[in-house]
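Read the structure below first, then the notes.
The values are calculated or read from the model by the stated rules, or taken from the named source; none is laboratory data. Computed from a prediction, not measured in an experiment: that's the story for all the values here. Glycine gets a Cβ as well: all are built from the backbone with ideal geometry, and neighbour counts include every protein chain shown. Calculation scope for accessible area: heavy atoms of the full protein, side chains included, ligands and nucleic acids excluded. Shrake-Rupley method; radii C 1.70, N 1.55, O 1.52, S 1.80 Å.
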Amino acid sequence: MKPAPFAYHAPRALDETLGLLARHGDEAKILAGGQSLVPLLNFRLARPAVVVDINRMSGLGEIREEDRQIAVGALVRQRRLEVWAQQGFPLLADALRYVGHHAIRTRGTVAGSLAHADPAAELPALLVCLEGSVVARSPAGHREVRARELFVSHLTTSLRPDELITEVRLPRLHTGAGWGFLEVARRHGDFALVGAAAVVSLADGRIAEPRVALFGCGATPVRASRAEAILAGQPPTPEAVVAAARDAAGALAPESDLHATAEYRRRVAQTLMVRALGLAIGRARGNGP
Amino acid sequence: MGARYVGAAVARVEDPRYLRGEARYVDDIKLPGLLHAAFLRSPHAHARFRGVDTARAAAMPGVVRVFTFADLEPFLKPLPVFGAPPPGLAERIRFTIRPTVQYALGPGIARYAGEIVAMVVADSRARAEDAAEALEVEWEPLPAVVEMVAAARPESPRLYPDWPDNVAVGFTHAIGDADAAFGAADVVLEERFRIQRYVGMPIEPRGVVAAFDRRDGTLTTWNSTQVPHFVQQGLATALGLPPGRIRVVAPDVGGGFGTKAAGYPEDALIPIAALALGRPVKWSEDRREHMMAAAHARHQVHEIALAARRDGVILAVRDHIWLDLGAYSGWGIVLPYNTVAHLLGPYRIRNLQVEVAAVVTNKTPSAPYRGAGRPETVFAMDRAVDCLARRIGLDPAEIRRRNYLGADELPWDLGMPYRDGNPLVYDSGDFRSALEAALAAAGYAEFRGAQKRLRERGIYQGIGISGYVEGTGIGPFEGATVRLDLAGRVSVATGAASAGQGHETTFAQVAADALGVPLDWVTVVGGDTAAVAFGVGTFASRSAVNAGSSVHEAATAVRAKLVRAAARLLEAAPEDLTIEDGRVSVRGAPGSAVALAQVIQASLPTFARAGVAAPDFEATACHHVPTVTWASAVHVVRLQVDPETGVVTLLRYVVAHDCGKVINPRIVDGQVHGGVAQGIGGALYEELVYDEHGQLLTGSLMDYLVPTAMEVPPIETVHLEYPSPRNPLGVKGLGEGGAISPPAAIANAIEDALEPWGVRVTETPVSPARLLALIGSRRTA
Amino acid sequence: MTRVIRVRVNDQAHERQVEVRRTLADFLREDLDLTGTHLGCEHGVCGACTVLLEGEPVRACLLLAVQADGARVTTVEGLAAGGRLHPLQEAFRAHHALQCGYCTPGILLTAAAFLAEHPRPAREQIREMLAGTLCRCTGYQFIVDAVAAAAQAMSP
């Protein structure tokens, strides 16, 4: 299981990187953390003619704290963000703990996971739940791609072959907002069979600005928009939560695979959504950590 | 000669090299001029192929040679097959056995995806893989036969057109009068159980290195195998060389579990390439190859029926059993008869009727894996017993109390032969006491109270029991040679290769006690055919019994030679001498002590005198065991089920077991833990899944789910020692046992947890999706 | 395609020409003869090849050797200092935390990095750390014991 031959470039400057991507198009693969790409190379399931290793690029390794969001450079490792988030962004820390194992997170990048767009992965779901975005650069300039436009299908994003994610933008939770992040996997560290990320605030004893993303139950992470509309303005009762989750589950189009049936995913998506919302509401009330 | 080491938890002598990263596995072996092999394997489950076009591949950089069937035909003999019924069994049961002929490299037909079509040898593995991709084959796909029970029907497409169906091994067997017992029963329980395909999955894949030395005409091959002497015999046949010209070395082996006890095409192909090219060749199996080309295991279907009285006493068992052999039948009666011989286990049942069909399918060939039929048959039996208990309103512990054999009933004669042809008689043990010990350790009675209270809070916990009685230490023998050097230091060589079981420690314990020397005087070599002429290998929980007894016998013979020489040197009667701590003395006269080295040196002639005795301090033994020893255990597991997600969390796992006399309790615990972890894998996680075209869908460790430290709970062991009367050490086999009962115990505990809804678990692995589907249909009903 | 790389492994500097498709694991094993780094799956799941890159655990099968150019790598061969076993190695022997030994190097290095961050770990934390490496022999229990004991032995 050795990779097929490829040409290798390790550019340091952005222009050089973008030039390589523009020149080689579909023939090139970007190597960041490599935790998804290198297995595919070893299996010879990916056979790029050119590997563009961006790990030597400068300026992409920062976590920048801004007022309303944090900006995560393209080379920030999942492990580093996890440690950082343990202080001020517990939802993020919680989600990252589910990503593979320590030795995977040491190398794996936040941006790389988003670009890989596995619908059962945690970070894409988190981006959707937080209404985050990525900054994509190409020789033509840069653009901000919002989560809902980024994920197109299974392992497919709306990024063009000549675009490189340089930054991930994760909006902070509003003060007083509660959150819940849960998933069911076959084993610890596996991709989720199903997962749910939820954020809510409470205003005058009613649910405000609810946001829910479900993952592992569609071709992309699924934002439960209609269920959010059902919840908004409701008192945070179990009945309201269950009704919303039932609606969200009904709208899913999950697929069956080796590890779970579509029916399982639909049912457990509902269960996890109820539980994640329950956690979020509890935390919003100040009951939780 | 006291037991100073046997029974003690001495730290393993082999550990330092592993801990320093200095162990030597096959892939660590480098030789000057080493070449690397890669294989083209069939992408089809069943297909004919015509001509392999090698031109493009052969011209690629670094490629030394491409081998196809046509190139190797003179060397290719059918791979060795095992498992002909021995006398004693053949007389009692009429087996239908249809042999399959498998070649190391297929002559125009592939019967499973992964079967070797061609071999490329190049100057690096990467380049060998590059070239293997460039081989062009013209395929003609044939219908793939995948599902075993359907494959057994006469109308199924066949793998072997000259057979009447796909059944490779078939037989019926009965003891007592099952029909009468069923007729007289108050209750008859019938159920169908399915055990999936899963397997050992050692973390080190297989590997072979071979080098031919023209100067003396010897072939040396290093092989990650449990059975170096089998590999040697196979090569002797294939290459037409005498065994003495073939040295097979199993160096450090990174786990075997049965997977590495089979004979494989690569065992022959790499040596053949080394011979043909006159250069050493290495093949290191990668994980993708391992998933599709190393032997698979398990997968049985049981249609089982129990006849019982209203009070829960079981009168008879009927079982219709199907086994999936994959594409070739290399093991004869081993798996099907093991399955039958272990069906009744610890239960006092006198009437049995079985019908067995071992079926070929277009899947990777299967081979014995840790338990070899026992986990499957115990699953069927212990699941059926729990279903029966529920039917008649008895607690699962109570029904076992009423049916388990106790010490007063042993030896227990089942009235049928074992697989070795000898009468199947349990030698020692106390299954009822084991049951009570396991229940007590697991807090069974207390749990029943807690369980109710938890349920009221919506928490579903369950407890499950499974027990087995296991024939271990099957013969015919294992070779051991014990030899002293000039300093009295001891080398022990045995054919029982270690794949992590700690043989270098346990056999040293046995030899040190038998000889009366310090443990660190003993060096054990396993798995080198040059070190011991006759051997069998490590599998079937046989090494402690067979190799241990041979080491003991050989060491005892060497001790006798030492005593004879020392008696001359000390001018004392041999029976008055004692050897302790490497010194011989006259009993009661410590001042007379001389070092073993002195005795040995005194046996060598000097210019002035002849030796005091023949300088022969070496002995070889192939101890004969009368038949197997019967190890046993009861497992109790506590777990929690999340009825909303189907997720099962194991809380506690208790094993009360008897492996006879314990040589090293720490190593015994380690074996039990490891076996249980693999059984947990079978119960909840692991499955080799094929699609309807015979394509393996679980081709990586992303999809084949080996349990991690988060899925395996704390395991508690209770050692019950009932020495076996069938060998001088009183030991029984141990390696497989841990893996036998977890699937049954866990499935029973899941049903117990969900008892309010009457969920019935009939197949493994109990994945969350499977379980939630079961719960769903019951909860809404 | 090849490149020249300079890597510091176990405090020793190496300079080699490597094929760009060579993984760090193959580089360590084939080019530097450090065969204590084992390959079990070559897709990042089993963890047997785990080494420390700049002190942090990484899968050596998922890193190209060229990516390690200029880096500091620790393999199992570098764990015992001056011939003395590392406390983790001592504890693994004392607690029978290994059988076939194939997964052991990856576990030792992962655990060494873990104990540097968590000098007084709870057993559940130890299990979560161990979940990144598959062991097929031990059932993990004695490994948990050994890591806990090493933490004790190493704590000041």
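Observations
- Alpha-carbon centroid distance for the pair segment B:485-506 / segment B:327-378, whole angstrom: 33
- Set against the 2.2 N^0.38 Å expectation for a compact globular protein, segment A:178-284 has a Cα radius of gyration ratio of 1.02.
- Under 21 Å between alpha carbons - lysine pairs in the protein assembly as shown that sit 8 or more apart or on different chains: 8
- Listed residues A:H188, A:I207, A:A248: farthest to the positive end of the dipole of segment A:137-289 (Cβ charges): A:I207
- Cα gyration tensor shape of chain B, rounded if a/c is under 1.5, else prolate or oblate by comparing a/b with b/c: oblate
- 3J(HN,Hα) from dihedral phi, segment B:73-83, Karplus parametrisation 6.51/-1.76/1.60, rounded to Hz, x for glycine, proline: 3, x, 8, 8, 9, x, 5, x, 10, 10, x
- Rough spin-label spacing in nm, given labels placed 7 Å along Cα→Cβ, for B:A589 and A:E263: 8.7
- Considering only the protein assembly as shown, percent of DSSP beta bridges that pair antiparallel, nearest 5: 80
- Phi angles of segment B:258-271 translate, via the Karplus equation with coefficients 6.51, -1.76, 1.60 and θ = phi - 60°, into HN-Hα couplings of x, 4, 9, 9, 8, x, 10, x, 5, 4, 8, 5, 5, x Hz per residue; Gly and Pro are given as x.
- Here chain A is assigned +1 on the Cβ of each Lys and Arg and -1 on the Cβ of each Asp and Glu. Its dipole about the Cα centre then comes out at about 500 debye.
- Accessible surface of B:T225 - all protein chains present, 1.4 Å probe, nearest 10 Å²: 10
- For segment B:167-183, the Karplus equation 6.51 cos²θ - 1.76 cosθ + 1.60, evaluated at θ = phi - 60°, returns couplings of 8, 8, 9, x, 6, 10, 7, 8, 10, x, 9, 5, 4, 4, 5, 5, x Hz by residue, with Gly and Pro reported as x.
- 20 °C / 1.002 mPa s Stokes-Einstein diffusion coefficient of segment A:98-247, Kirkwood radius on C-alpha pairs, µm²/s: 132
- Order of exposure, largest accessible area first, which applies to B:E618, B:E129, B:E571 with probe 1.4 Å: B:E571, B:E618, B:E129
- With each label modelled as a point 7 angstrom along the Cα→C-beta vector, the B:L454-B:L604 pair spans 6.8 nm.
- Accessible surface for segment B:311-350, divided over its residues, is 17 Å² per residue with a 1.4 Å probe.
- Candidate residues B:F75, B:F607: accessible-area rank, largest first, probe 1.4 Å: B:F607, B:F75
- For segment A:63-171: relative contact order, % (alpha-carbon pairs under 8 angstrom, 6 or more apart): 30
- Dipole size of the protein assembly as shown about its Cα centre, with +1 on Lys/Arg Cβ and -1 on Asp/Glu Cβ: approximately 840 debye, rounded to the nearest 20.
- Shape call, segment A:7-56: gyration tensor on alpha carbons, a/c limit 1.5: oblate
- Rounded if a/c under 1.5, otherwise prolate or oblate - segment B:124-174, Cα gyration tensor axes: prolate
- Antiparallel DSSP beta bridges within chain B, percent to nearest 5: 80
- C:R120-B:T172 FRET efficiency (beta carbon distance; Förster radius 41 Å; 0.05 resolution): 0.05
- With all protein chains in place and ligands, DNA and RNA left out, the 1.4 Å accessible area ranks B:H693, B:H46, A:H116 as B:H693, A:H116, B:H46, largest first.
- For segment B:62-144, averaging the sequence separation of C-alpha pairs within contact (under 8 Å, six or more residues apart) and dividing by the residue count gives a relative contact order of 44 percent.
- Full-stretch length increase - B:A533, B:H719 - with 0.36 nm per residue and alpha-carbon distance subtracted: 63.4 nm
- Sites A:A71 and B:A614 - FRET efficiency at Förster radius 56 Å, r taken between beta-carbons, to 0.05: 0.05
- Each of A:E255 and A:L45 was given a label point 7 Å from its Cα along the Cα-to-Cβ line. The distance between the two points is 1.2 nm.
- Length-normalised contact order for chain B - Cα pairs under 8 Å, 6+ apart - percent: 16
- Helix A:14-24 and the long axis of chain A differ in direction by around 80°, with both axes built from C-alpha atoms.
- Cut-off under 5 Å, modelled amide H: who pairs with A:G34 long-range: A:T109
- Surface composition of the protein assembly as shown: carbon and sulfur make up 51 percent of the accessible area, probe 1.4 Å.
- DSSP beta bridges fully contained in segment B:465-601 are about 70 percent antiparallel.
- Ordering B:Q102, C:G36, B:L388 by Cα displacement along the dipole of the protein assembly as shown toward the positive end leaves C:G36 in first place; charges were set at the Cβ atoms of Lys, Arg (+1) and Asp, Glu (-1).
- Interface burial for C against B (accessible surface, 1.4 Å probe, total of both chains, Å², rounded to 100): 4200
- Under 5 Å from the amide H of B:I109 lie the amide H atoms of B:F49, each residue being 5 or more positions distant or on a separate chain, with H modelled from the backbone and absent for Pro and chain starts.
- Charge tally around B:E736: other residues with Cβ under 12 Å, Lys/Arg +1 each, Asp/Glu -1 each, net +3.
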